[in-house]
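The values are calculated or read from the model by the stated rules, or taken from the named source; none is laboratory data. This one's a predicted model, so the numbers in the text were calculated from it and none came from an experiment. When we count neighbours, we look across all protein chains shown, and the Cβ atoms used for this are built from the backbone with ideal geometry, even at glycine.
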């Protein structure tokens, strides 16, 4: 394992130290060592927007804390949910007196800990409502959408929910905007290599050279098919064939497209992939309002990429277009 | 080779297509297929700022074209200089009537092609002056600084030169600011794995598991020492011990620190490394004005990281702090 670390058991804490030292203009520590908050949080009279999740997905999750996105984030161990106590303290760090919207991904640990934290918050008089992201098409059939995992579509959910809160939306409006954002969003991933957890030292799953895993999850959750490694144009076709019919995205729609690398794939290849994806989407008469291409939601040193498509209406377009300033996404 | 591509021979052109489709608000195509320019280039009455270099280092080089950084960039094949004709057309795309500053890295191909392009430009009545970056401490002894390669310090050179031009500096002032920026900057890299050129299909050099190469170049140029893979704190010590005494950076200095991944190293590890580097720098009484941590100048799928330190004076601080908007660096 060729990696940069000290004791693997301390990697999350040390990463957080380095993160706050680097981005002290955007985030700050809180009284909970596993909770970071935006420098100006809590903002009096604004709905607090909170997220959280396991580490190893940078920029997710702390990389989306900052201006016009999330007010705080709870941080878990690598590929492991933050504790309920961390979520609770993240709620408190974001609470500006108008309630808190917790926008997170559909994983069993996160579901359990968020639910506990919401109950604990209620006892303390703090209202928290939640949206659970489930944009990963390959993780369950469409009629079982509630079982689907949340992946890179979460970024668009945070963007829209965070923007709505900054624009003065009340808690129900923020929740509605974030829910609409994720309901309008579909994703799929293709894995080309496994990733290695520092504390383990070797991959905990396998993707053989010359093959790729379609529908792989952000933690190496099994996909829907292992097939021969394809060229970028065929990968793009496969990804759009899974994502577009599921919503469905159709001629006349206006969308945001997000192509994220899984960590170790060179960024130039993400542009090659997006070049093919764009052609296929435009061919269908769908208009791309905005594209994001880069390492937006990763899985340590996994190679591969995810495609996320979100259908816009006037409200979502305004929210997507609002400026923001976070480690993972700065928009002017 | 687990990578996302079509025909490897077309990867640069396809990447450029995807890049322009993604960042159409920042860059545009020009009449030369291997030259991209900022959407508003050329700006009448402003010194044009140009760079260029081989592909595979994203965000470098085209990722630093945009507001308050470079006006255009010439694009080469992977790890190979752009042609003289591409540099010439990049000069023309950036020329707003006040001359052009070409700020590039010290590699033989780039040197040759830039010099030819400058001569060709002169014949056409266009004044181009150059700054050659040579921040890589490990690539030659201090008394042969002119032989040193340019690496991630180039980003700070583009930042300062681009800002000076935007603030109304004339050609000599822009050249002086960029020259001061790179003269005040030192870098070193540590490689943990080799990278694979898509057209080759296997690494063209080796870094054995359990070892690391100190002083490695951005194209796998040999470093100064191959040693056992160390923990992050020891790597940080080794990097600062090479970089700090060379300028030298000393107690009372104010600096910018840039830690860039080489491509495939998980970003969380860069924060772990920066956490150690910051301690060592602060211990010496040096003040860190600003830190950049991320994948700012990469080498395809190489694992490892570079450290760059730049000493600030009032002018450089103003230039570093100016807002900018490029694919690789957006600062508000």
Restricting attention to region B:1-12, which residues are surrounded by 15 or more Cβ atoms within 10 Å (Cβ to Cβ) and either facing chain A (nearest Cβ under 7 Å) or free of Cβ contacts under 8 Å to residues at least 60 places away in the same chain (or both)? B:2, B:3, B:4, B:5, B:6, B:11
Every residue in region B:160-179 that is in a helix (DSSP H, G or I) and farther than 23 Å from residue B:59 by Cβ, please. B:171, B:172, B:173, B:175, B:176
Subset of region B:283-293 [in contact with a strand residue (DSSP E or B) (Cβ under 7 Å, 6 or more places away or on another chain) and either within 11 Å of chain A (Cβ to nearest Cβ) or surrounded by fewer than 20 Cβ atoms within 10 Å (Cβ to Cβ) (or both)]: B:287, B:288, B:289, B:290, B:291, B:292, B:293
Please count how many residues of region B:141-159 are crowded, with 24+ Cβ neighbours inside 10 Å and in a helix (DSSP H, G or I). 7
Restricted to region A:69-92 and to residues being touching a helix residue (DSSP H, G or I) at 6+ places or on another chain (Cβ under 8 Å) and in a loop (DSSP other than H, G, I, E, B), the residue surrounded by the fewest Cβ atoms within 10 Å (Cβ to Cβ) is A:80
Here are the criteria: (1) at negative phi; (2) more than 14 Å from every other protein chain (Cβ to nearest Cβ). Tell me which single one residue A:220 does not satisfy. (1)
Tell me which residues, restricted to region A:93-112, are over 20 Å from the mean Cα position of the chain (by Cα) and buried (at least 24 other Cβ atoms within 10 Å of the Cβ). A:93, A:95
All conditions in (1) in contact with a helix residue (DSSP H, G or I) (Cβ under 9 Å, 6 or more places away or on another chain); (2) free of Cβ contacts under 8 Å to residues at least 60 places away in the same chain are true of residue B:249 except (2)
Complete set of residues in region A:176-185 that are buried (at least 24 other Cβ atoms within 10 Å of the Cβ) and either in contact with a strand residue (DSSP E or B) (Cβ under 6 Å, 6 or more places away or on another chain) or over 23 Å from residue A:255 (Cα atoms) (or both): A:178, A:182, A:185
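More than 14 Å from chain A (Cβ to nearest Cβ), at pLDDT 95 or above and out of contact with any helix residue (DSSP H, G or I) (no Cβ under 9 Å at 6 or more places or on another chain), is that true of residue B:241?
Values: more than 14 Å from chain A (Cβ to nearest Cβ): yes; at pLDDT 95 or above: yes; out of contact with any helix residue (DSSP H, G or I) (no Cβ under 9 Å at 6 or more places or on another chain): no.
The answer is no for residue B:241.
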Positions within region B:14-41 being within 10 Å of chain A (Cβ to nearest Cβ) and more than 19 Å from the chain's Cα centre (by Cα), in sequence order: B:14, B:17, B:18, B:20, B:21, B:22, B:23, B:24, B:25
With the checklist (1) touching a residue at least 24 places away in the same chain (Cβ under 8 Å); (2) within 11 Å of another protein chain (Cβ to nearest Cβ); (3) in contact with a helix residue (DSSP H, G or I) (Cβ under 9 Å, 6 or more places away or on another chain); (4) crowded, with 20+ Cβ neighbours inside 10 Å in hand, flag the one item residue B:299 doesn't pass. (3)
Search result, residues across region A:272-281 that are touching a strand residue (DSSP E or B) at 6+ places or on another chain (Cβ under 7 Å) and more than 8 Å from chain B (Cβ to nearest Cβ): A:277, A:281
Assess whether residue B:255 counts as being within 14 Å of chain A (Cβ to nearest Cβ) and within 21 Å of residue A:326 (Cα to Cα). no
In region B:302-325, which residues are closer than 22 Å to residue B:67 by Cβ and without any contact (Cβ under 8 Å) to a residue 60 or more places away in the chain? B:321
Does region A:241-271 hold any residues that are in contact with a strand residue (DSSP E or B) (Cβ under 8 Å, 6 or more places away or on another chain), surrounded by fewer than 23 Cβ atoms within 10 Å (Cβ to Cβ) and under 27 Å from residue B:1 (Cα atoms), and which are they? A:242
Among (1) within 30 Å of residue B:244 (Cβ to Cβ); (2) under 18 Å from the mean Cα position of the chain (by Cα), where does residue B:80 come up short? (1)
Evaluate region B:232-239: report whether one residue or more is surrounded by fewer than 19 Cβ atoms within 10 Å (Cβ to Cβ), more than 25 Å from residue B:181 (Cα to Cα) and either in contact with a strand residue (DSSP E or B) (Cβ under 6 Å, 6 or more places away or on another chain) or in the same structural domain as residue B:137 (by TED's automatic domain parsing) (or both). no
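If we keep just the residues of region B:117-132 that are farther than 12 Å from residue B:82 by Cα and assigned to a helix (DSSP H, G or I), which is nearest to the chain's Cα centre (by Cα)? Quick ask: steps written out before the conclusion?
Narrowing region B:117-132 to residues farther than 12 Å from residue B:82 by Cα: B:118-132.
From what is left, the residues that are assigned to a helix (DSSP H, G or I) are B:118-123.
Numbers: B:118: 21, B:119: 24, B:120: 25, B:121: 24, B:122: 26, B:123: 29 Å.
Among them, the one singled out is B:118.
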Could you say whether any residue in region A:313-330 is in a strand (DSSP E or B) and either within 27 Å of residue B:301 (Cβ to Cβ) or more than 7 Å from chain B (Cβ to nearest Cβ) (or both)? yes
Evaluation of residue A:226 against (1) more than 18 Å from residue A:106 (Cβ to Cβ); (2) at pLDDT below 95; (3) within 14 Å of another protein chain (Cβ to nearest Cβ) (one fails), failing number: (2)
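Take the conditions touching a residue at least 40 places away in the same chain (Cβ under 8 Å), in the same structural domain as residue A:279 (by TED's automatic domain parsing) and part of a loop (DSSP other than H, G, I, E, B) and apply them to residue A:203. Does it pass?
Values: touching a residue at least 40 places away in the same chain (Cβ under 8 Å): no; in the same structural domain as residue A:279 (by TED's automatic domain parsing): yes; part of a loop (DSSP other than H, G, I, E, B): yes.
Considered against the rule, which asks whether it is touching a residue at least 40 places away in the same chain (Cβ under 8 Å), in the same structural domain as residue A:279 (by TED's automatic domain parsing) and part of a loop (DSSP other than H, G, I, E, B), residue A:203 comes out as no.
Could you tell me whether residue B:132 is within 14 Å of chain A (Cβ to nearest Cβ), surrounded by fewer than 24 Cβ atoms within 10 Å (Cβ to Cβ), in contact with a helix residue (DSSP H, G or I) (Cβ under 9 Å, 6 or more places away or on another chain) and closer than 24 Å to residue B:239 by Cα? Even if it seems obvious, please write down each step before you answer.
Details: within 14 Å of chain A (Cβ to nearest Cβ): no; surrounded by fewer than 24 Cβ atoms within 10 Å (Cβ to Cβ): yes; in contact with a helix residue (DSSP H, G or I) (Cβ under 9 Å, 6 or more places away or on another chain): yes; closer than 24 Å to residue B:239 by Cα: yes.
When the stated conditions are applied, residue B:132 does not pass them.
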